[in-house]
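Below is one structure, written out as structure tokens; comments come after it.
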Amino acid sequence: MMRQYLETKARYPDAILFFRLGDFYEMFFDDARKASEALQITLTSRSKGDDRVPMCGVPYHAARGYVAKLLEKGFKVAICDQVEEPGRSTIVRREVTRVVTPGTVLDDQALDPREASFLGAVALGARGGGVALLDATTGEFKCGEVEDDGRLAEELRRAGVRELVVARSAAAEARARDLSRAVGVPVAEVDDAAFERPGERLRRHFGVATLDGFGVGAMELGQKAAAAALHYLAETQRAEPRHVDRLGVLATERVLLLDESTRANLELERTLFGGKRAGSLLGLLDRTVTAGGGRQLAEWVRYPLRDVAAAERRLDGVGALVSQAVLRGDLAGALRAVADVERLVSRLVLRQGNARDLRALAASLLALPALADLLGRSGAPVLEEAGRGVCGLEDLADALDRAVAEEPPAALGEGGIIRRGWSADLDELTDLAENGKSVIAAMEARERQRTGIGSLKVRYNRVFGYYLEVTKPNLHLVPPDYERRQTTVGGERFVTAELRELEERVLTAEERRVALEEKIFEDLRGRVIARAPALRGAAAAVARADALLSLARVASERGYVRPVLDESEALEIVEGRHPVVEGLLPADSGGFVPNDLEVASSADPAAAQLLVITGPNMAGKSTVMRQAALIVLLAQMGSFVPASRARVGLVDRIFTRVGASDDLARGRSTFMVEMTETAAILHNATRRSLVVLDEIGRGTSTFDGLSIAWAVAEHLHDRTGCRTLFATHYHELQDLARERPRARNLTVAVREVGDQVVFLRKLVPGGASRSYGIEVAKLAGLPPEVLARAREILRNLETLEVDEGGHAALARGSRRDAGSPSQLGLFAAPDPALVALREEIRALEPDGMTPLAALQLLAEWKRRLG
């Protein structure tokens, strides 16, 4: 057995091997040490002394949870199962039935039902390369090509890949190492052969003559990445991934592009603090009923559209549902009956599904006709199309419903997964297995009646099995078809052909029943596989309808309006609101203060293109800018927006430079992170982009920061010409409005009431002269003595830089505390020597002095002042 283990382990050196022994999965040697530490289970051993073998184990029925924990810690797990019944050979035959990796896991316990689980693959070119995304849990598969390594990493991060496949020869290259670090997920190295002849491999898998129909015929590097991803999935699952039945083009150019910092700064899927879904835009928008709908909505947030017509189709669907409250409620009710069809089908195709998956699939398919009827009455083409997409599966629904038990067991071997009436042979075997004694008793009664032997009995022992026992006084009544087997003191024992047949049927009924149920299950699974493309299409239609319903529910409840989306380069928002901040405000807060905003690109020379926004800390500058970016994103993903009116000219990219944080993992300071993100904006923004900049240059000295901020603003105004929102505490930047024709000043209004500052949260024309930082510090709880000292220093800075004694004005006050003798008292008499010196200077006529006389006078003053 240990030889069998070691031979298997040698084929999977990079995975923890779960080796099935009876009712446990056992691990040995280094695997046992790693697993016991990761899972916090007991490490024991086989044998003692020099032959000691470290080992640990987990119950096979609880293995799913342990595998999920190992995946969370970055391990791969190879599952080695017994593939024959014990006792048939000296050593039970075992094989690895699947390898579970972070990117190929199918178990619900290790997955978030509302998040995609993408495996990523890259094929590097001279610059950039091909990228493929494959979700094993749903069969979604797409590939594309990008022109540089930065975009490769960006696309992989945007998709949220869980594992990255690279060629073994490329893995050692610095580019591949940099890419894997940038993406930050486990890397799987595969043989270079997996990337070879990609077109041939993909055509064979999809059963097509050309890949042009998928739109990837000319993507050589994209095809290589796709072929490698498909190879890796087949290798790890030990099954042909037939649910992967189509290949799409990865939207790298036809969507609104959002880089990593923008997605983080806008808190699209996770909050900046805590990384939680609640408090993010997706957390607010996700009112979906189904898991597939949740994944669809998340994809729409990640990939907003750059196609006005496509966005308008979605807006039509949302609008139809917003105006029909009863339909919204009915749709939500119909969707609740639909399970996660995509993932059910994937598990069944990859031989990891069970009868409960078939039952859930049957229930889901039975609910589709009612859903189709509701969608067909919506009046919106996008919803009507979804309704048509869920039709045509009634025959499969009926077959699965009639075949699969209402509450089948999880394991096939337990029996009872098929309904009575589906198979006459199975019903008979079930009767025999469950009612064997009554069947024997019925035969006994029949034989008594046939022979007239009232004392005839059917008995059983281990030697003879079942037999008929007849007492000696009744032997003359024994019919000719009785075969004598044994003579006893009181009578004789007989068998008949019918009894032998019945014996075999009764004794093997349970085993044959399980085998027949497994055969029927495989037949039903085959029916599902044959309809996998149609099932995936129906699941996608359900997901689209659910995502549109979610957007409509949010829009209706929160008073959102339909935006005007066009090909212009303008952005006009009337009474816009930040969707997430508004949703988090308490009921007694008085409500969110809406703001207007109007900005356009340099295509309109008379419009405001660069908005310089000043105002106090905590007044709401960042909120106003982020809400503008979110309104653009919502409009282009096909959602209503939080405003009373909005016109959005199509945006190709949203850039944000917000907040300050270092990146210790990449060895970058706060200022370096800020400058790197700013450089990316300046290099990649186009006239159609929207740029949101908050506090550029604050991570360095004041003059350096101000200089950089001014130069960046000039570049965006003069060269890029894009719609720009520029928040700053450098009040000098307000002079840009005098220097540049399309620059405008805005400020967030405040009101001073006594020594208190009231934030009005209203964006108004003009500039700010103060930042009220000390007042914010007071709100944060700084000690009173620190606040008092800060106010003193601020007054010093606002008056002059050097005091009468030649000392830095910034330090004035602290020297008084230290008892410095040179510090002038507030009411002290002036120094006579200084008074005399001042009068002399006033009486001087510098123009009439020679250089030598001036130097001599300076030397005399220095001597007199000591």
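Some values worked out for this structure:
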| quantity | calculated |
| --- | --- |
| Residue within segment 238-260 that is in a helix (DSSP H, G or I), in contact (Cβ under 8 Å) with a residue 24 or more places away in the chain and crowded, with 16+ Cβ neighbours inside 10 Å present | no |
| Verdict on Asp112 being open to solvent by less than 10 Å² (accessible area, probe 1.4 Å), within 19 Å of Gly294 (Cα to Cα) and either small (Gly, Ala, Ser) or modelled with pLDDT of 85 or more (or both) | no |
| Residue match in segment 39-46 (condition: surrounded by fewer than 13 Cβ atoms within 10 Å (Cβ to Cβ) and among the small types (Gly, Ala, Ser)) | no |
| Within segment 261-275, tally of residues that are assigned to a helix (DSSP H, G or I) and free of Cβ contacts under 8 Å to residues at least 40 places away in the same chain | 1 |
| Hits in segment 15-36 - residues which are within 17 Å of Glu95 (Cα to Cα) and either among the small types (Gly, Ala, Ser) or out of contact with any Phe, Trp or Tyr (no Cβ under 8 Å at 6 or more places or on another chain) (or both) | Ala15, Leu21, Gly22 |
| Residue check, Gly120 touching a Lys or Arg at 6+ places or on another chain (Cβ under 9 Å) and on the phi > 0 side of the Ramachandran plot | no |
| Given (1) outside any loop (DSSP other than H, G, I, E, B); (2) polar (S, T, N, Q); (3) within 21 Å of Arg347 (Cβ to Cβ), number of the condition Thr104 does not satisfy | (1) |
| Filter result for the condition that a residue is aliphatic (A, V, I, L, M), open to solvent by 10 Å² or more (accessible area, probe 1.4 Å) and assigned to a strand (DSSP E or B), over Val131, Val96 | Val96 |
| Flag for Arg626 being within 26 Å of the chain's Cα centre (by Cα), surrounded by fewer than 24 Cβ atoms within 10 Å (Cβ to Cβ) and touching a residue at least 24 places away in the same chain (Cβ under 8 Å) | yes |
| Filter result (of a type outside the set (Phe, Trp, Tyr), open to solvent by 30 Å² or more (accessible area, probe 1.4 Å) and part of a helix (DSSP H, G or I)) within segment 691-705 | Thr702, Asp704 |
| Residue in segment 635-690 that is surrounded by the most Cβ atoms within 10 Å (Cβ to Cβ), counting only those that are in contact with a Gly (Cβ under 9 Å, 6 or more places away or on another chain) and modelled with pLDDT under 85 | Glu674 |
| Candidate set: segment 831-845, residues that are touching a Leu at 6+ places or on another chain (Cβ under 9 Å) and either part of a helix (DSSP H, G or I) or of a type in the set (D, E, K, R) (or both); chosen: the one modelled with the lowest pLDDT | Asp831 |
| Those residues of segment 1-38 which are open to solvent by 90 Å² or more (accessible area, probe 1.4 Å), assigned to a loop (DSSP other than H, G, I, E, B) and either on the phi > 0 side of the Ramachandran plot or without any contact (Cβ under 8 Å) to a residue 60 or more places away in the chain (or both), in sequence order | Pro13, Asp23 |
| Residues being crowded, with 17+ Cβ neighbours inside 10 Å and part of a helix (DSSP H, G or I) - total across segment 364-381 | 9 |
| Matching residues in segment 765-800 - criterion: being closer than 26 Å to Val612 by Cβ, of a type outside the set (Lys, Arg), modelled with pLDDT under 75 and open to solvent by 40 Å² or more (accessible area, probe 1.4 Å) | Ser769, Leu797, Glu798 |
| Check on Ala136, open to solvent by less than 20 Å² (accessible area, probe 1.4 Å), closer than 27 Å to Val166 by Cα and either more than 30 Å from the chain's Cα centre (by Cα) or without any contact (Cβ under 8 Å) to a residue 60 or more places away in the chain (or both) | no |
| Test for Ala711: is it of a type in the set (A, V, I, L, M), modelled with pLDDT of 90 or more, within 33 Å of the chain's Cα centre (by Cα) and closer than 19 Å to Thr676 by Cα | no |
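The values are calculated or read from the model by the stated rules, or taken from the named source; none is laboratory data. Just so it is clear, the structure is predicted and the values come from calculations on it, not from any experiment. Methodologically, a virtual Cβ is constructed for each residue, glycine included, from the backbone with ideal geometry; neighbour enumeration extends over all protein chains shown. Remember, those area values only see protein heavy atoms, side chains included, never the ligands or the DNA or RNA. Shrake-Rupley method; radii C 1.70, N 1.55, O 1.52, S 1.80 Å.
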